[in-house]
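S.K.: I'd like to ask you about the structure that follows.
The values are calculated or read from the model by the stated rules, or taken from the named source; none is laboratory data. It should be emphasised that the depicted structure is a prediction, and the values quoted were computed from it without experimental measurement. As a convention, Cβ positions derive from the backbone with ideal geometry for all residues, glycine included, and neighbour counts pool all protein chains shown.
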């Protein structure tokens, strides 16, 4: 039997027919299949009145509706951050007071036993102060944010978030499950990168990996919260001030999510071309959160884990800063000299040399950027009392080091967009097994951070705001 | 391999209505008459059914070139030997994930004599999506509505007759854990293979312009490979730009399947039991 039609004819015909079809035909078919399944199941299954089931569905209609879904999500996020800001304020002050007092006692003790000045300085002004800063700045927000976040996770809300954001990721040419890995990124970007294993398509997985860093991780939240509280919201009194601070942080987070979409879109149209693939997302029933498990996972697994990692890097970083600040170069010291070199570039970005130097020292862990910066500003070894209140931080930075609102805003943007921390970079390398993608993840984020801060600084200066 | 009888099933199986006809063959699947694919969403008790049918011994390995586990086992029912292939649990067959590709490729290119789609009676709506996608590929489908015990506990009543009518393929309520309905399921599978139960799966048509395109293309595919069993599905996949199907067409894999299909069917007397039909 001879066939006149060859395989290539069929493929060519399919191509031609496909181009004539309206673009949404795939979705049309899937949709009609799903609605058919729904009506068949509806006819075949008789439900005895099951109140809980109905109640779940009612909630789901509300939290996954195209109209109310996103606003509810934003409100929840804002409430979460406000709780963190409001609660962390009080606790941070208290912890800082206690720790710095302890530091003073230790210093006095060392002086009393006539330890050499450089040992006293290295231990108490270097290592100890680094640790004290990290603990007082990071512990309170984590101890509030993590349990609250874990609560939502345990409740079964996160898959609903994925559902709400799916269409946006699809528009950006990325996988809907990226919303889940993005949510993980709020906890820790390295964890978010590992979580991208749930995405099957290698192309979409790479997009998720490369853009994960655009959501602030727990290590960067304290930086954002501090800047929002101390600078943006400082002019307002009491309650209003914490609302403004929370709103600012939410705004920054939204900018980060926005960059995730924009960068996914750019990637899926350039180096990682392709269509978004469809997937089925199961919305599990809501469960009553298990309080003891929430406290365990959020406090032991996450808070203590992250804090311990921060302390491990903060101690050597504190030591390095102390050394830099105490190696004399002419009349100045090494830290000041390096910061001076970096300063012109920093100023171009609306930041300054000290901030950039802090970021370089803090590459192993973003958590310690602010403490590093504060220690360098204070010049370790010269100031014994750490500024333990927001007021003191404010006057130190604005009065002593020429900070403006532009500096604070650009620092927040920089903290949001800059390169992943060392752990995340290593994780990206391990997950992709490619030096190229690990490097690209740094180039993309750092490039974005430089570009954005440069633009805001230039625009603000042109308009005469700074 | 000779078909020596293995020891009778354990006491656990004596409660199972299929006890007298069903014989678990474990990994002795070298010599079989029929191939059955087992598809289903994750967490529907697919593996429980697999174990109930084949016993605890299974042949496991990976699907060629994939990191997806493949499990096979055998059972004998009314003197016909069946090989059961456990497909990975998936929610759909549409995306490019490895699991879905493996499941889809097997149903399409592996040409099982019948595919059992295991569904969860308590979440039928979601589960039917996969069943309908399987039914797009092949006519020989039996839907097993599993977890009936859980459904009853939740106060759900599943009308299998309405389901069968709407789907156009038999739907059999079972509880794989206790063996309830398994006998009927196997009898129905046998009947579907024998052609004693005619299946006419429901299929979604899409927009008129799409139907027209499918029609044109499937006519062309049938002309290219006469006797091809699912030209319509292939046409839909080609319109969707499915690389795997494109490759199958250019490599001639399809023609091979057609040739196999046209070979005389394996001869054996089909004295299928209809006992115990509910």
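S.K.: Taking segment A:175-197 on its own, how many of its residues are under 19 Å from residue B:100 (Cβ atoms) and in contact with a helix residue (DSSP H, G or I) (Cβ under 7 Å, 6 or more places away or on another chain)?
M.R.: 6
S.K.: Please determine, by comparing only the residues of segment A:4-26 that are part of a loop (DSSP other than H, G, I, E, B) and at the interface with chain B (Cβ under 7 Å from one of its Cβ atoms), which one is nearest to residue B:202 (Cα to Cα).
M.R.: The qualifying residue nearest to residue B:202 (Cα to Cα) is A:21.
S.K.: Follow-up question, since we're still on this one. Determine which single condition residue B:94 fails, assuming it passes every other condition in (1) within 11 Å of chain A (Cβ to nearest Cβ); (2) in contact (Cβ under 8 Å) with a residue 40 or more places away in the chain; (3) crowded, with 22+ Cβ neighbours inside 10 Å.
M.R.: Only one criterion in (1) within 11 Å of chain A (Cβ to nearest Cβ); (2) in contact (Cβ under 8 Å) with a residue 40 or more places away in the chain; (3) crowded, with 22+ Cβ neighbours inside 10 Å is unmet by residue B:94, namely (2).
S.K.: Where the second residue is assigned to a helix (DSSP H, G or I) and surrounded by fewer than 17 Cβ atoms within 10 Å (Cβ to Cβ) and the first is modelled with pLDDT of 80 or more and lies in segment A:306-324, which pairs have Cβ atoms under 7 Å and are six or more apart or on separate chains?
M.R.: A:324/A:334
S.K.: Report, ordered by the first and then the second residue, all pairs with beta carbons closer than 7 Å, sequence separation of six or more or different chains, a first member in segment A:27-45 that is more than 7 Å from chain B (Cβ to nearest Cβ), and a second member that is assigned to a helix (DSSP H, G or I).
M.R.: Here the result reads none, with nothing in segment A:27-45 linked to a residue that is assigned to a helix (DSSP H, G or I).
S.K.: Report whether or not residue B:103 is within 14 Å of chain A (Cβ to nearest Cβ) and either buried (at least 24 other Cβ atoms within 10 Å of the Cβ) or part of a strand (DSSP E or B) (or both).
M.R.: yes
S.K.: Residues of segment B:105-130 being more than 19 Å from residue B:34 (Cα to Cα) and in contact with a helix residue (DSSP H, G or I) (Cβ under 7 Å, 6 or more places away or on another chain), which ones?
M.R.: Answer for segment B:105-130, where residues must be more than 19 Å from residue B:34 (Cα to Cα) and in contact with a helix residue (DSSP H, G or I) (Cβ under 7 Å, 6 or more places away or on another chain): B:119, B:120, B:121, B:122, B:124, B:125, B:128, B:129.
S.K.: Let me ask something else about it. So residue A:121 ticks every box in (1) more than 31 Å from the chain's Cα centre (by Cα); (2) exposed (fewer than 14 other Cβ atoms within 10 Å of the Cβ) but one. Which box is left unticked?
M.R.: (2)
S.K.: Out of the residues in segment A:389-407 meeting the condition of being closer than 22 Å to residue A:90 by Cβ and surrounded by 20 or more Cβ atoms within 10 Å (Cβ to Cβ), tell me which one is modelled with the lowest pLDDT.
M.R.: Result: A:393.
S.K.: Something else about it: From the list A:84, A:64, pick out the single residue that is touching a residue at least 24 places away in the same chain (Cβ under 8 Å), under 26 Å from the mean Cα position of the chain (by Cα) and farther than 30 Å from residue A:233 by Cβ.
M.R.: It is A:64.
S.K.: Moving to a separate point now. Going through A:263, A:226 one at a time, which residue ends up being within 21 Å of residue A:398 (Cα to Cα), crowded, with 16+ Cβ neighbours inside 10 Å and touching a residue at least 24 places away in the same chain (Cβ under 8 Å)?
M.R.: A:226
S.K.: Name the residue, out of A:351, A:272, A:357, A:281, that is within 25 Å of the chain's Cα centre (by Cα), outside any helix (DSSP H, G or I) and over 30 Å from residue A:177 (Cβ atoms).
M.R.: A:351
S.K.: Of the residues B:245, B:204, B:274, which is outside any helix (DSSP H, G or I), crowded, with 19+ Cβ neighbours inside 10 Å, modelled with pLDDT under 85 and touching a helix residue (DSSP H, G or I) at 6+ places or on another chain (Cβ under 9 Å)?
M.R.: Of the residues listed, the single one that is outside any helix (DSSP H, G or I), crowded, with 19+ Cβ neighbours inside 10 Å, modelled with pLDDT under 85 and touching a helix residue (DSSP H, G or I) at 6+ places or on another chain (Cβ under 9 Å) is B:204.
S.K.: I'm checking my understanding of the structure. Among residues of segment B:165-184 that are closer than 30 Å to residue B:214 by Cβ and touching a residue at least 12 places away in the same chain (Cβ under 8 Å), which one is nearest to the other protein chains (Cβ to nearest Cβ)?
M.R.: For segment B:165-184, the residue satisfying everything is B:166.
S.K.: Right, next: Would you confirm whether or not segment A:80-93 contains a residue that is more than 14 Å from every other protein chain (Cβ to nearest Cβ), closer than 21 Å to residue A:286 by Cα and either out of contact with any strand residue (DSSP E or B) (no Cβ under 7 Å at 6 or more places or on another chain) or modelled with pLDDT of 85 or more (or both)?
M.R.: Yes: segment A:80-93 contains one or more residues that are more than 14 Å from every other protein chain (Cβ to nearest Cβ), closer than 21 Å to residue A:286 by Cα and either out of contact with any strand residue (DSSP E or B) (no Cβ under 7 Å at 6 or more places or on another chain) or modelled with pLDDT of 85 or more (or both).
S.K.: Quick check on residue A:241: is it over 17 Å from the mean Cα position of the chain (by Cα), within 14 Å of another protein chain (Cβ to nearest Cβ) and either assigned to a loop (DSSP other than H, G, I, E, B) or surrounded by fewer than 21 Cβ atoms within 10 Å (Cβ to Cβ) (or both)?
M.R.: So residue A:241 fails the test.
S.K.: Being away from every other protein chain (no Cβ under 14 Å) and either within 22 Å of the chain's Cα centre (by Cα) or more than 30 Å from residue B:100 (Cα to Cα) (or both): is that true of residue A:287 here?
M.R.: no
S.K.: Among the residues of segment B:118-162, which ones are in a strand (DSSP E or B), within 12 Å of chain A (Cβ to nearest Cβ) and touching a strand residue (DSSP E or B) at 6+ places or on another chain (Cβ under 6 Å)?
M.R.: The answer is B:119, B:143, B:145, B:156, B:157, B:158.
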